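What follows is a set of notes on a single structure, which appears directly below.
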Amino acid sequence: MAQRERNRERDGRENDFVDKLVHINRVAKVVKGGRRFGFAALVVVGDQRGRVGFGHGKAREVPEAIRKATESARHKMLYVPLRSGRTLHHDIEGYHGAGHVILRSAVPGTGIIAGGPMRAVLETLGMQDVVGKSLGSSNPYNMVRATFDALRRQIHPKDIAAQRGIKYSTLQNYRQRLFLVEE
């Protein structure tokens, strides 16, 4: 009985993920009888509470490629600490290949100001107020990977306080005095 409840609970958790299709690419392989088409899909999956992942899948049919990409994304999830559950703790930059993105925290009511693949990642992550800018490649794969690189660099202030050997409240008071931040 307990096993069945755990399975039901796990299934409920997996259903609360939101997935967004970022890009589909059609590729052709030339063979003796003509062309053979295949599809590659890039999907972003998140729980809108700070966990997000991306995956890439290839198949002969579009739905199968999307399914493979979604499975891959669920296996490679990343947790990102959010300030007040809505924005970043600090401004960050991310790089991958020629992709270069900048993510900046924003005040409540700003919304998600970012384009294309970056917007899909931030929406599935659950961010509500953030400003993003892509400076490098507009290739969706590089943009998504650069955005994930930036999100991996996000550090919670509690971790910074522990590294410095001070109390978290001291760090927050210093931040409020320095930047006059209203939270």
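Does region 106-114 include one or more residues that are touching a residue at least 12 places away in the same chain (Cβ under 8 Å), open to solvent by 50 Å² or more (accessible area, probe 1.4 Å) and in a strand (DSSP E or B)? Checked region 106-114: at least one residue is touching a residue at least 12 places away in the same chain (Cβ under 8 Å), open to solvent by 50 Å² or more (accessible area, probe 1.4 Å) and in a strand (DSSP E or B).
Can you pull out every residue in region 115-126 that is assigned to a loop (DSSP other than H, G, I, E, B) and either under 11 Å from Val52 (Cα atoms) or open to solvent by less than 10 Å² (accessible area, probe 1.4 Å) (or both)? Write out each step before concluding.
Here is the first cut: in region 115-126, the residues assigned to a loop (DSSP other than H, G, I, E, B) are 115, 126.
Hit for region 115-126 is Gly126, nothing else.
Annotation for region 154-176: no member residue is small (Gly, Ala, Ser) and under 30 Å from Ala41 (Cα atoms).
If the condition is being closer than 18 Å to Ser84 by Cβ, open to solvent by 30 Å² or more (accessible area, probe 1.4 Å) and either touching a residue at least 40 places away in the same chain (Cβ under 8 Å) or assigned to a loop (DSSP other than H, G, I, E, B) (or both), then region 149-158 contributes Ile155, His156.
Number of residues in region 56-77 that are outside any helix (DSSP H, G or I) and touching a helix residue (DSSP H, G or I) at 6+ places or on another chain (Cβ under 8 Å) equals 4. Scan region 127-140 for residues that are charged (D, E, K, R) and either open to solvent by less than 60 Å² (accessible area, probe 1.4 Å) or touching a Cys at 6+ places or on another chain (Cβ under 9 Å) (or both) and the total you get is 1.
Open to solvent by 80 Å² or more (accessible area, probe 1.4 Å) and assigned to a helix (DSSP H, G or I), is that true of Arg36? No.
Could we say that Arg145 is open to solvent by 50 Å² or more (accessible area, probe 1.4 Å), within 17 Å of His90 (Cα to Cα) and among the basic types (Lys, Arg) here? Show your work before the answer.
Details: open to solvent by 50 Å² or more (accessible area, probe 1.4 Å): yes; within 17 Å of His90 (Cα to Cα): no; among the basic types (Lys, Arg): yes.
Taking the combined requirement at face value, the residue does not satisfy it.
Suppose the filter is touching a residue at least 40 places away in the same chain (Cβ under 8 Å), among the aromatic types (Phe, Trp, Tyr) and surrounded by fewer than 19 Cβ atoms within 10 Å (Cβ to Cβ); does Tyr95 pass it? Yes, satisfied. Looking across Gly136, Gly132, one residue alone is within 22 Å of Val43 (Cα to Cα) and in a loop (DSSP other than H, G, I, E, B). It is Gly136.
In region 104-148, how many are farther than 16 Å from Arg86 by Cβ and of a type outside the set (Val, Ile, Thr)? First the steps, then the outcome.
We begin by selecting, within region 104-148, every residue farther than 16 Å from Arg86 by Cβ; these are 115-118, 120, 133-148.
Those still in the list that are of a type outside the set (Val, Ile, Thr) too: 115-118, 120, 133-143, 145-146, 148.
Going through region 104-148 one residue at a time, the tally reaches 19.
Taking first residues from region 31-54 that are on the phi > 0 side of the Ramachandran plot and at pLDDT 95 or above and partners that are exposed (fewer than 12 other Cβ atoms within 10 Å of the Cβ) and outside any strand (DSSP E or B), no Cβ contact under 9 Å between residues at least 6 apart in sequence or on separate chains turns up.
The one condition from (1) open to solvent by 10 Å² or more (accessible area, probe 1.4 Å); (2) touching a residue at least 40 places away in the same chain (Cβ under 8 Å); (3) within 21 Å of Ala114 (Cα to Cα) that Thr70 does not meet is (3).
Restricting Val22, Val80 to residues that are within 13 Å of Val144 (Cβ to Cβ), hydrophobic (A, V, I, L, M, F, W, C), in contact with a helix residue (DSSP H, G or I) (Cβ under 8 Å, 6 or more places away or on another chain) and at pLDDT below 95 narrows the list to Val22.
The values are calculated or read from the model by the stated rules, or taken from the named source; none is laboratory data. Owing to the predicted nature of the structure, the values given are computational and were not obtained by experimental measurement. Every residue, glycine among them, receives a Cβ derived from its backbone with ideal geometry; neighbour counts consider all protein chains shown. Accessible surface areas use protein heavy atoms only, side chains included; no ligands, DNA or RNA. Shrake-Rupley method; radii C 1.70, N 1.55, O 1.52, S 1.80 Å.
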